[in-house]
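Below: one structure, written as structure tokens.
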Amino acid sequence: MAAEQIILYVIIALIIYYVGKKIYLIKTIKQYSPVDASAKVKKERNVVFLDVRTDKERKQSVIKGSYHIPVTSIKEREQELKKFKDAEIICYCRTGSRSLTAASKLKKMGYNASNLSGGMIRWNASGIR
């Protein structure tokens, strides 16, 4: 087998792994549409939004009342999340991909975490303020 074939098979295997992992996370992490997430936060007391984007992204637009911890800092800043131990944390990012990862991390840490499907792009498109 030529080196090019081996590299191709490795790339294909990595793509299959990545897609499979995303599908698994989407099926195991609760997903909210912007309308459903907004209604849930307004209706229930024990639900919070967690913005997992970068500082630069957060300056562009934000969901009012949300908390901010970048996805790369979740483990280091767990102490800040302890006040939400009994709450549902709806994670969001720009597209919903990083927030899916963040929700998965939070679930592994024992939190009740979910994801805003489509992230800020879908939130802004829905017209919710």
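The values are calculated or read from the model by the stated rules, or taken from the named source; none is laboratory data. What you are looking at is a predicted structure, and each value in this text was computed from that prediction instead of being measured. Quick reminder, even Gly has a Cβ in these numbers, built from the backbone with ideal geometry, and neighbours come from all protein chains shown. Just so you know, the surface numbers come from the protein's heavy atoms only, side chains and all, with ligands and any DNA or RNA stripped out. Shrake-Rupley method; radii C 1.70, N 1.55, O 1.52, S 1.80 Å.
Given the structure, is Ile121 out of contact with any Ser or Thr (no Cβ under 7 Å at 6 or more places or on another chain) and among the aliphatic types (A, V, I, L, M)?
no
Could you run through the range 7-60 and say how many residues are over 14 Å from the mean Cα position of the chain (by Cα) and open to solvent by less than 80 Å² (accessible area, probe 1.4 Å)?
The number of residues fulfilling the criteria is 13.
Under 19 Å from Glu44 (Cα atoms), of a type in the set (Gly, Ala, Ser) and more than 13 Å from the chain's Cα centre (by Cα): is that true of Ser126 in this structure?
When the stated conditions are applied, Ser126 does not pass them.
So which of Ile74, Ile69, Ile89 is in contact with a Leu (Cβ under 6 Å, 6 or more places away or on another chain), at pLDDT 95 or above and open to solvent by less than 20 Å² (accessible area, probe 1.4 Å)? Steps first, please.
Working: Ile74 fails: in contact with a Leu (Cβ under 6 Å, 6 or more places away or on another chain); Ile69 fails: in contact with a Leu (Cβ under 6 Å, 6 or more places away or on another chain).
It is Ile89.
Residues that are among the β-branched types (Val, Ile, Thr) and over 13 Å from Gly119 (Cα atoms): find the helices (runs of 4 or more DSSP H) completely inside the range 1-95 holding 1 or more of those.
Helices (runs of 4 or more DSSP H) meeting the threshold: 3-28, 34-43.
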